[in-house]
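The block underneath contains the structure these notes are about, expressed in structure tokens.
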Ligand SMILES: [Cu+2]
């Protein structure tokens, strides 16, 4: 029974000195591109490798981007039978909008407060994979519950590894985590803690939470706020990146006939902004055209990731950032289009904001990037002073048709 | 795949009813409803199991008193404790009653009279087939799976009637990276039981956190239940390896019944609807409406709607918040099941209002659905029951066959004002902001000034910065700097104040703004004048002579 991941460090890749690095590069260059040993990470990144007892695993690169924080790249998933497949070209934060209710507009924390590398991360009870003066990666194996369970037969539990990093973001503490599960699921998440930075003297915009400290405070009410976390997801299934296709699914009730739900499937052909549609169960899928069946229609095998917007429940709106009312944006990958706002302050040669990245480029034969937002509220209580109780948000990229059937059921079926 | 009979008693009447039911469906929907549904063997119909609500008779400072029921207690490293009574019945399976949370260094707080899953719908996309699993089948009795060690690694199996019926697992804090200033992640106790209903294996789980939060959740594993032979249907997908079947998409629609009994009295709780409507100027204003009568309420994503159940109506009363944060999917069948138009209900406690739907099957003396229970009775001095639902739409993928990869849904019941506030004032821990700008500043008319930051705060608190009488043309920036281009010369005195809400730093800055000529560049008209003066004094000539 695979309960915990067998965690192997790849610290030899961490910060090699110049000459060994050259030797290593030569070695990497000469090695055929199979498995983790040959995984090439750019100079700013470090390789990681995760091997589960079932034979499944992950390989990839991580870095702490000075603006965006913990970012994964070249992420490969290995099935239990040992086949490795490219899954994600890159996964990181695209922006964090913080909008205090008392203000008429939001600020983008990554580019305005920046420096996701400040502060000293702590990894209580976890394995530190790599560390230098500025960056610490926590990697924690965990049990993700049942993967398979049927009648009174054997049980297959799902193992996972969480890669995480924490930093100061203004007065907040901001932790970014990626949970990589044994079945190929990826769960990006962020946790907000630290201390509340803004107060107000208007009780309509804040809560009286200071207790005894209220007398010391200039403004007694802790400001309520909305936090929109946007993730930049460059799904790239297979080794060819420019053949991934993005689709939208709706399941529309047919009121004339017993509330049947008719599935409709739409290929997104042009860069676009989309909203969730909870009553139509809207969801999105990215699949690789080469690995998938060439036939059309809902029954065709589609090797890709399903992005189910379950955790996006609140709809943020801003008078100044029109695109923030959308939940999913799709753009053609452009390395210098990284942050949803103030992008030019980091990448002067590109457009400044996400709505400018979306400029009618066709998605066919291009590498698509998904930008997905999750909206959460900060409505402080007495328990959030002096330290904000952690607020977590997370979503899942669910593997879709990666194998002909469950690759784990041999562990359960007789 | 076959269903292994785990129960000897088969109710033929019930079985016949199901066969009849499916025949009728078949007649209505000949094309779509070629169902392979496996009819679970039924335990003989029984009277509903007695409820475990103990009302408010148990003294609040005692923690759970369970009588004949099993007691579950967990102490955490932070000193907090949860305790409750565990029972299992035929329909809902796990019923937790008399649920107490003891914050660190504080008295036990009664939170819930009882907790249970009160309905579980599976609604198939192909037609109007809706399973009400809790009332049509049940999660307890013969549907409850006997747990084995693999179900409960490192945990404790709990026996009921000599069978391993439930498992408790202690989960250490999520072990995510934190900074030194973060609140620690919360440890938690999860208590769960597994039920096999048809092809599905449901894990119904209650996760109790050491900070007082509770996360009810449900996972579905097992196998896909229904398919159709119409492989061109838009109601499902043909999965690899079985070309003659389309596996139907479907929605799981879950209802929880949460009998809140906060504090010493279970009849003084107050329920509020919280909205933050967007104002034309881009700000938001909180509106907090006390619900005074039984209410059915729907999510309002644009207004960030949430619901509070508070011990009393006093400001900063202890209580809990239910935020609908799992609403990317929302099942609505307005005609067929009007209760699906709502997501949160508050009703007065009534033992015979037990299931969110099909209640009259077991409680003919009461109404049939939660929508009917919420019929406007006053909530004044009443024992309140909150009902919350979430739904999940499942589109089959290859990974769901033969055995289905588990899908998981949960929501959070978050504590408000429950942890003891530390007695000592927290503000002295505050590090005061410091103005870093030099108190003598000079600038030149026409030359841009760009001071990126005037102050620092070691806590990185948000600073409020004010400056009176800056030289004309200069302004404070949003990020706490000073920019602009001075327009006039002179001496200026600016009082700069910086506040982090608890401490203030103040500095008087003397500005000397000089004209462009004073800085060494000779304006064109002054040069002839200067030359003339020098010539008249003879100095220029002297220099010439040399
Ligand atoms: Cu399902």
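General observations
- Least to most buried among B:267, B:203, A:79, A:267 (fewest other Cβ within 10 Å first): A:267, B:267, A:79, B:203
- Segment B:447-505 - share of DSSP beta bridges that are antiparallel (%, nearest 5): 100 percent
- The label point for residue B:514 and the one for residue A:204, both projected 7 Å from the Cα toward the Cβ, are 5.1 nm apart.
- Segment A:381-398-segment A:208-277 distance, computed between alpha-carbon centres (Å): 18 Å
- Inter-centroid distance (Cα atoms) of segment B:98-144 relative to segment A:305-379, Å: 38 Å
- Tensor-based shape of segment A:329-387 (alpha-carbon gyration tensor, a/c under 1.5 rounded, otherwise prolate or oblate): prolate
- Neighbour counts of C-beta atoms inside 10 Å place B:259, A:254, B:244 in the sequence B:244, A:254, B:259, starting with the fewest.
- Once the C-beta distance of residue B:477 and residue A:215 is scaled by a Förster radius of 35 Å, the resulting FRET efficiency is 0.65 to the nearest 0.05.
- Overall, the anisotropy analysis places segment B:430-514 in the prolate class: the square-rooted eigenvalues a ≥ b ≥ c of its C-alpha gyration tensor yield a/c not less than 1.5, with a/b exceeding b/c.
- For segment B:264-414, the relative contact order works out to 27 percent when only alpha carbon pairs closer than 8 Å and six or more residues apart are counted.
- Separation of segment B:469-518 and segment B:432-449, taken as the distance between their Cα centroids, equals 6 angstrom.
- Stokes-Einstein D for segment B:183-229, Kirkwood Rh over Cα pairs, 4 °C, 1.567 mPa s (µm²/s): 104 µm²/s
- Three-way shape call for segment B:219-283 based on the alpha-carbon gyration tensor, with the a/c threshold at 1.5: oblate
- Legend: ranking of residues B:394, B:407, A:165 from fewest to most surrounding C-beta atoms inside 10 Å; resulting order B:407, B:394, A:165.
We did not get these values from a lab; they are worked out from the coordinates using the rules stated. Since the structure is predicted, the reported quantities are computational estimates derived from the model, not experimental observations. Glycine also receives a Cβ, built like all others from the backbone with ideal geometry; neighbour counts cover every protein chain displayed.
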